[in-house]
Amino acid sequence: MVETTPKSAGLFGWYFNTSLLARIFTGLVLGAVVGITLGYSPDAAETFIGYAQFFGDLFIRLLKMIVVPVILFSLIVGAASISPDQLGRVRLKTILFYVVTTLISVAVGLGVATLLEPGVGMNVIGSGGAAGKAAQSPPMSQILLNIVPTNPIESLAKGDVLPIIFFAIVSGIALSLLRESKNGTVARQAGLLLDVCAAAAEVIYRIVGGIMQYAPIGVFALIAVVFARQGAEALGPLLLVTLSVYIAFIIHLFVCYGGFLTFSGLSFRRFLKGANEAMVTAFVTRSSSATLPVSMRVSEDNLGAPRTISSFALPIGATVNMNGTAIYIAVCAMFIGFAIGQPLNHSQQFTVMITATLAAVGTAGVPGAGALMLIMALESIGLKLEAGSAVAATYAMVLGIDALLDMGRTCMNVTGDIAGVVVVGKSEKALDLSKWQ
Ligand code: ASP
């Protein structure tokens with residue numbers, strides 16, 4: 001969800017000039033109130049659902065419209081941001097740290113959701129009736145093979161997420177290699193194409209900004225339908241999914257980062273004390289990119305990280321290392337599976353592990369970007385976000401509380417970047433340990 005803050009006069013000025021966050025949250029609350037109230041009168045509820053469905057479906061179609069271009073362009077740009085000729089030992093170590101911690105974060109998310117089972121018993125149904133049975137999942141080896149598209153254009157047209165991700169990452173790497181080519185013409189052309197992709201990504205994010213202006217109405221309609229059908233009981237699962245996401249954040253913070261730091265002979269408490277300014281900034285701005293200057297400062301001034309490492313690791317981290325987003329995707333995918341009565345099986349969870357890790361690479365460090373990547377993860381496991389489906393209704397519930405979840409996940413994203421810088425710095429004996437006294 002990318003926010004814009006247009007100033008608008010005219011008839012709907014009051015709407016556009018109110019903060020988007022406040023509007024979406026209002027949509028959620030109003031939707032719940034209207035839905036619960038209507039739930040007491042089944043006839044009125046059915047008439048209302050008939051109308052509300054249109055506005056809800058419109059929102060879902062708008063979101064679906066931009067999923068494929070978002071994946072394609074933002075992943076090409078994300079993958080190309082790691083220039084291969086810069087890949088020395090330190091840089092490889094940093095990227096390895098990012099990949100390993102991202103995989104751990106998805107595992108933590110899946111584990112917590114398995115234990116707490118948010119969404120179990122909700123039995124959300126779409127307008128098309130009960131959710132169909134989950135498609136039989138192929139074996140692991142097939143899932144891995146299917147990541148490689150036999151025809152990328154076909155994958156794009158069909159919206160097959162994993163092959164698109166693969167193709168985008170390979171293209172991004174090829175572009176960044178060619179950009180450094182000794183042949184000036186090739187280098188220029190590659191640079192040009194990359195600029196085009198970067199511009200296309202910007203265009204898509206601008207469109208997302210526009211779509212989000214409609215989000216409050218879409219969320220209202222979708223949520224009202226859920227509550228009109230489910231009654232007030234739907235509030236409990238919403239609380240539980242929020243709790244699950246935050247519990248997973250805390251476990252990841254203490255076990256994963258705490259573990260790496262302790263293993264490196266660094267004090268976790270001292271780390272938190274040094275990094276907290278960046279953590280709080282990330283929490284309130286909900287943007288890793290906007291927090292970057294603060295992350296740079298605390299890494300160097302408070303935690304003694306050398307500029308040679310932080311100047312590379314933090315910007316790359318703010319682009320590709322999103323542990324909080326990966327946790328959020330894992331927990332919410334599980335939640336949606338439980339809520340629609342199709343708990344994710346092992347191979348679906350394995351696929352989520354891959355998609356959430358790659359989604360983290362493609363997530364822009366801006367507020368709400370992770371919510372788009374969740375759609376991509378859902379599609380990769382066959383939970384299609386069709387208009388009127390149970391998946392769409394449950395997704396709207398998560399979207400309604402996205403700001404709350406985004407605060408925590410951005411905080412985790414930034415903490416993971418800083419942890420990477422100090423752990424790698426320590427392993428290179430490049431950390432100024434006097435800052436850790
Ligand atoms: N807001 C997050 C960030 O900037 C990305 C996300 O929405 O998950 O790191």
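Backbone geometry of segment 14-23 corresponds, through the Karplus equation with coefficients 6.51, -1.76 and 1.60 at θ = phi - 60°, to 3J(HN,Hα) couplings of 4, 6, 6, 8, 7, 4, 4, 4, 4, 5 Hz, x marking Gly and Pro. Working ranking of peptides 147-159, 50-62, 68-80, 290-302 by packing, defined as the average number of other Cβ atoms within 10 Å per residue, highest first, is 68-80, 290-302, 50-62, 147-159. If R0 equals 45 Å, the separation of the Cβ atoms of Ala44 and Val203 corresponds to a calculated FRET efficiency of about 0.60. Using a cutoff of 8 angstrom between alpha carbon atoms and counting only pairs six or more residues apart, the relative contact order for the chain works out to 32 percent. For the pair Arg270 and His346, label points projected 7 Å from Cα toward Cβ lie 4.3 nm apart.
Surface composition of the chain: carbon plus sulfur atoms hold 68% of the accessible area, using a 1.4 angstrom probe and ignoring ligands, DNA and RNA. For the cross-link pairs Lys93/Lys273; Lys273/Lys429; Lys182/Lys429, the ones whose C-alpha atoms lie over 23 Å apart are Lys93/Lys273; Lys182/Lys429.
Between helix 184-230 and the chain there is an angle of about 30 degrees, using the helix long axis and the longest principal axis of the Cα atoms.
May I ask which residue of Ser288, Ala359, Leu243 lies farthest towards the positive end of the charge dipole of segment 231-387, with charges of +1 (Lys, Arg) and -1 (Asp, Glu) on Cβ and the Cα centre as origin? Result: Ser288.
Across segment 368-378, coupling constants 3J(HN,Hα) worked out from phi with the 6.51/-1.76/1.60 Karplus curve, θ = phi - 60°, read x, 4, x, 5, 6, 5, 4, 4, 4, 5, 5 Hz, and Gly and Pro carry x. In the chain, the DSSP-assigned H stretches of four residues or longer account for a calculated mean residue ellipticity at 222 nm of -24500 deg cm²/dmol, using -39500 (n - 2.57) per stretch and the full residue count as denominator. If you line up the long axis of helix 89-116 against the longest principal axis of the chain, both from Cα atoms, how many degrees apart are they, to the nearest 10? Rounded to the nearest ten degrees, it is 30. Solvent exposure of the chain, expressed per residue, is 42 Å² of accessible area, with all protein chains present and a 1.4 angstrom probe. For the chain, the residue among Leu72, Ser181, Met412 whose Cα projects farthest onto the positive side of the dipole built from Cβ charges is Ser181. Sorting Trp14, Trp436 by accessible area puts them as Trp14, Trp436; the probe is 1.4 Å, largest comes first, and only protein heavy atoms count. Once the Cβ-Cβ distance of Met65 and Ser427 is raised to the sixth power relative to R0 = 51 Å, the FRET efficiency obtained is 0.70. Dividing the mean sequence gap of close Cα pairs (under 8 Å, 6+ apart) by how many residues segment 134-282 holds gives a relative contact order of 8 percent.
Across segment 303-437, C-alpha contacts under 8 Å between residues 6 or more apart give a mean separation that, scaled by the residue count, equals a relative contact order of 45 percent.
Given +1 at the Cβ of Lys and Arg, -1 at the Cβ of Asp and Glu and no other charges, the dipole of the chain around its Cα centre is 940 debye to the nearest 20. Using a probe of 1.4 Å on the protein chains alone, the accessible area found for Lys435 is around 70 Å². How far is helix 346-362 tilted off the main Cα axis of the chain, in degrees rounded to 10, range 0 to 90? Orientation of helix 346-362: about 60 degrees from the principal axis.
Applied to segment 172-182, the Karplus parametrisation 6.51 cos²θ - 1.76 cosθ + 1.60 on θ = phi - 60° returns per-residue 3J(HN,Hα) values of x, 5, 4, 5, 6, 5, 5, 4, 8, 4, 6 Hz, with x for Gly and Pro. The charge dipole of segment 17-118, taken about its Cα centre with unit charges on the Cβ atoms of Lys, Arg (+1), Asp and Glu (-1) only, comes to about 600 debye.
The values are calculated or read from the model by the stated rules, or taken from the named source; none is laboratory data. Quick caveat: nothing in here was measured; it's all calculated off a predicted structure. Every residue, glycine as well, gets a Cβ built from its backbone with ideal geometry; the counts of neighbours run over all protein chains shown. Calculation scope for accessible area: heavy atoms of the full protein, side chains included, ligands and nucleic acids excluded. Shrake-Rupley method; radii C 1.70, N 1.55, O 1.52, S 1.80 Å.
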